[in-house]
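> Just dropping this structure here.
The values are calculated or read from the model by the stated rules, or taken from the named source; none is laboratory data. Keep in mind the model is a prediction, meaning the values are calculated, not measured. Backbone-built Cβ (ideal geometry, glycine too); neighbour counts: all protein chains shown. Calculation scope for accessible area: heavy atoms of the full protein, side chains included, ligands and nucleic acids excluded. Shrake-Rupley method; radii C 1.70, N 1.55, O 1.52, S 1.80 Å.
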Amino acid sequence: MDVIIHRIRLHDGVDPARFEAWVRDVDYATCPRLPSVRAFAVHRVSTEQDAPFHYFESISVTGPDEFARDMKTAAFQDLVAAFDTMATVVEEMSGELLEPGYQART
């Protein structure tokens, strides 16, 4: 499984509450329609206007080829169109998990 990390900066004048509501109501809700996406989360870093970035998102995918296919779907393109009105990705990095990793059992 691969992980993609995006650092996100809001456009000037975009209310963080608007962006966060869209993430919760639209972005998260679309994930089940993207078969390659195994986990997705957005994290708030800062709401200060002059911060170098305001959020980061972590996307766990089955693989880059599968995710590239999902990126061509109408569902994904709708996300991109809405996202682009509010924010921009200022940095992207990705990598492959060094198995097995750690996850606490609940």
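> Just by accessible area at a 1.4 angstrom probe, what is the order of Asp84, Asp25 from largest to smallest? Spell out each step's value before the answer.
Values: Asp84 85, Asp25 110 Å².
If we order Asp84, Asp25 from most to least accessible, we get Asp25, Asp84.
> Next question, about the same structure. 222 nm [θ] for the chain, helices only, -39500 (n - 2.57) per DSSP H run of 4+, per residue, to 500? Before the final figure, lay out each step's value.
Working: 3 runs with 28 residues, N = 106.
After summing the helix terms and dividing by residue count, I get -7500 deg cm²/dmol.
> Pick from Ser36, Ser60, Ser46 the residue whose mean-square fluctuation is largest in a GNM of the chain, springs joining Cα atoms under 10 Å.
The residue with the greatest mean-square fluctuation here is Ser46.
> Sort out the exposed loop trypsin sites (Lys or Arg not before Pro) in the chain (DSSP loop, at most 15 other Cβ within 10 Å) and tell me the longest stretch that has none.
Working: sites that count: Lys72, Arg105.
The segment 1-71 is the longest one with no such site.
> Sticking with this one: Give me the extension gain from Ala39 to Asp78: residue separation times 0.36 nm, minus the current Cα-Cα distance, reported in nm with one decimal. Don't jump to the answer; show the numbers that get you there.
On the way: separation 39, 0.36 × 39 = 14.04 nm, distance 1.91 nm.
Taking 0.36 nm per residue and subtracting the Cα distance, the gain is 12.1 nm.
> Rounded to the nearest 20 debye, what is the charge dipole size of the chain about its Cα centre when +1 sits on each Lys and Arg Cβ and -1 on each Asp and Glu Cβ?
Values: 10 positive and 18 negative charges, 66 e Å.
With only Lys, Arg, Asp and Glu charged at Cβ, the dipole is about 320 debye.
> Search the structure for amide H atoms under 5 Å from the amide H of Val45, placed 1.01 Å from N in the peptide plane, and list their residues when 5 or more places away or on another chain.
For Val45, the qualifying residues are Tyr55, Phe56.
> Where in the stretch 1-42 does the amide nitrogen come within less than 14 Å of the point 7 Å from the Cα of Ser58, taken along Cα to Cβ?
Of the residues in the stretch 1-42, 2-7, 38-42 have backbone N under 14 Å from the label point off Ser58.
> Quick one: grab the alpha carbon gyration tensor of the stretch 44-103, order the square roots of its eigenvalues as a ≥ b ≥ c, and give me rounded if a/c is under 1.5, else prolate or oblate depending on whether a/b is larger than b/c.
On the way: a/c = 2.75, a/b = 1.18, b/c = 2.33.
Verdict is oblate for the stretch 44-103.
> Give the accessible surface of the stretch 1-56 per residue, rounded to a whole number of Å², with probe radius 1.4 Å and ligands, DNA and RNA excluded. List each step's numbers first, then the result.
Details: 3280 Å² over 56 residues.
Result: 59 Å² per residue.
> How far, in degrees from 0 to 90, does helix 74-86 lean away from the longest principal axis of the Cα atoms of the chain, to the nearest 10?
30
> Show me, for the stretch 94-99, the HN-Hα J-couplings you get by feeding each phi into the Karplus relation (A = 6.51, B = -1.76, C = 1.60, θ = phi - 60°), rounded to Hz, glycine and proline as x.
Here the 3J(HN,Hα) series is 8, x, 9, 4, 7, 4 Hz.
> Let me ask something additional. Which net charge results when you count Lys and Arg as +1 and Asp and Glu as -1 among the other residues whose beta-carbon is under 12 Å from that of Leu34? Intermediate values should be presented prior to the final figure.
Details: positive: Arg33, Arg38, Arg69, Lys72; negative: Asp27, Glu66, Asp70, Asp78.
Computed value for this residue: 0.
> Another question, if that's okay. What residues have an amide H closer than 5 Å to that of Arg38, excluding those fewer than 5 places away on the same chain, when H is modeled at 1.01 Å from N in the peptide plane?
Amide H neighbours of Arg38, under 5 Å, 5+ apart: Ser60, Val61, Thr62.
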